[in-house]
Amino acid sequence: MWPALRLVRRHLSTAAARGLVYEKHGEPAQVLRLQNVEVSSPLDYEVRVKMLAAPINPSDLNMVQGTYALLPQLPAVGGNEGVGVVAAIGRHVTSLRPGDWVIPVDAGLGTWRTEGVFNESVLIRVPSDIPVVGAATLSVNPCTAYRLLTDYETLRPGDTVIQNASNSAVGQAVIQLATSLGITTINIVRDRPDLRSLVQRLHDLGADHVITEDQLRKPEMKDMFKTLPRPRLALNCVGGKSTTEMLRHLDYGGTMVTYGGMAKQPVTVPVSALIFKNIRLCGFWVTQWKRERQQNREEITKMIRDLCDLVRRGGLVPPQSTQWPLEDFPQALRDAQSPFLSRKQILYMQ
Ligand SMILES: NC(=O)c1ccc[n+]([C@@H]2O[C@H](COP(=O)([O-])OP(=O)(O)OC[C@H]3O[C@@H](n4cnc5c(N)ncnc54)[C@H](OP(=O)(O)O)[C@@H]3O)[C@@H](O)[C@H]2O)c1
């Protein structure tokens, strides 16, 4: 289940690789060390992968901090997402060949490394004609956006979706997927000094309406719904006040799905929303969704294919990013934890 661990400990090494390893939980910049990790030849169902690039996502940081729902045995290599190229395969591997690009299907692989050996069952092939950053950031956030828009409400062109933290990587994927489906998006962001350029960026991705947390609380919000149907679906990445305010605008019988808790505050729901508006509340975790489909991968394969097709058509661009060589990880970690940057920090391995 945690190939990363076995890798660090295995002694039959045939190649030296480097990875960001932590031996105890704590602040990522303090506990992560760039060190050699041992990589052996792939056994029967194993695949040796040269990693190309891997992002730093909030859940990666939470895992290192020890606050995430899934924690690997220590020592572990950080990182849950990324893209690599298959360098060698074990003799029973059937789904992959050398040269294939692969991304993780499961969490906890430890992608912040130059090379690793994984079981073929935890990897899935992606086309190598999409941009590296697009592939490296595909398996978590766009997949989450896809499921959020597909699994909770039957949305039709012209329907409305409202979301907070809309400039997050998930939020940007929601905007683009919704646009491809003809769904209108109301996108909430936090106010900031360069708000105008952020608003323009989100409009360029296809966002119909971009409003700040403060505007969301203003009575004028009602005017928006004179011409726009109330949202059937609200996507909550934040918690606290942001969520309570967003909830007020949902349509009767609508659904709010919580998938993130960036404000680290609980969700407070007015009882009237439950009694008089019959609002449905649920949560989503992409790791669990994928784990439940590991045996029969049809739905996962379809989702990855749909997303890659959209990438190829230019309908899904990766979030703006800054690319760092692995050894510059301390600065990359700092930027990944800075508010209002609105850029993904990507570690480049080769
Ligand atoms: N449940 C799942 O399956 C699943 C899957 C993917 C992601 N997630 C979660 O979704 C969230 C976003 O992930 P991501 O990779 O898309 O993030 P990201 O690209 O790193 O963006 C982080 C977002 O959070 C906002 N933010 C940070 N601190 C905040 C605060 N105190 N209050 C309100 N907003 C705040 C940022 O807004 P500013 O620009 O204003 O700082 C930004 O929009 C994370 O919590 C992640 O764990 C969950």
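Taken together, the values in this text are just the output of simple stated rules run on the coordinates, not laboratory data. Note that the structure is predicted; figures quoted are calculated from it, not measured. Glycine gets a Cβ as well: all are built from the backbone with ideal geometry, and neighbour counts include every protein chain shown.
Odds and ends about this structure:
- With a Förster radius of 22 Å applied to the C-beta separation of Cys282 and Ala69, the computed FRET efficiency comes to 0.85.
- In terms of distances greater than 22 angstrom between alpha carbons, the cross-link table entries Lys50/Lys302; Lys264/Lys290; Lys222/Lys277; Lys264/Lys302; Lys226/Lys277 yield Lys50/Lys302; Lys264/Lys290; Lys264/Lys302.
- Cα gyration tensor shape of region 141-287, rounded if a/c is under 1.5, else prolate or oblate by comparing a/b with b/c: rounded
- Here the Karplus curve 6.51 cos²θ - 1.76 cosθ + 1.60, taken at θ = phi - 60°, turns the phi angles of region 145-157 into couplings of 4, 4, 5, 4, 7, 9, 9, 10, 9, 7, 9, 10, x Hz, with x standing for Gly and Pro.
- DSSP-defined beta bridges in the chain - what % are antiparallel, rounded to 5: 55 percent
- For Leu347, the residues 5 or more places off, or on other chains, whose built amide H falls under 5 Å of its own are Ala54, Ile56, Trp324.
- Taking a point 7 Å from the Cα of Arg248 along the Cα-to-Cβ direction, the residues of region 268-289 with backbone N closer than 18 Å to it are 268-279.
- For the peptides 76-84, 216-224, 249-257, residues were scored by their other Cβ atoms within 10 Å and the scores averaged per peptide; the highest-first order is 76-84, 249-257, 216-224.
- A straight chain from Ser272 to Ser180 at 0.36 nm per residue would run longer than the Cα-Cα distance by 29.7 nm.
- Dividing the convex hull volume of the alpha carbon atoms of the chain by its residue count gives 129 Å³ per residue.
- Using C-alpha pairs under 8 Å with a sequence gap of at least 6, the mean separation divided by the residue count of region 97-210 gives a relative contact order of 20 percent.
- The H on the amide N of Val126, modeled in the peptide plane, is under 5 Å from the matching H of Trp101, Val102, Ile103, each at least 5 residues off or on a different chain.
- Taking label points 7 Å from Cα along the Cα-to-Cβ direction, Asp204 and Lys24 give a separation of 4.5 nm.
- Karplus-based coupling profile of region 70-85, in residue order and whole Hz: 10, 10, x, 5, 9, x, 9, 9, x, x, 10, 10, x, 10, x, 10, with θ = phi - 60° in 6.51 cos²θ - 1.76 cosθ + 1.60 and x standing for Gly or Pro.
- Rounded to the nearest 20 debye, the dipole size of region 36-164 about its Cα centre is 180 debye, using +1 on the Cβ of Lys and Arg and -1 on the Cβ of Asp and Glu.
- Region 141-287, relative contact order in percent, only Cα pairs under 8 angstrom and at least six apart counted: 23 percent
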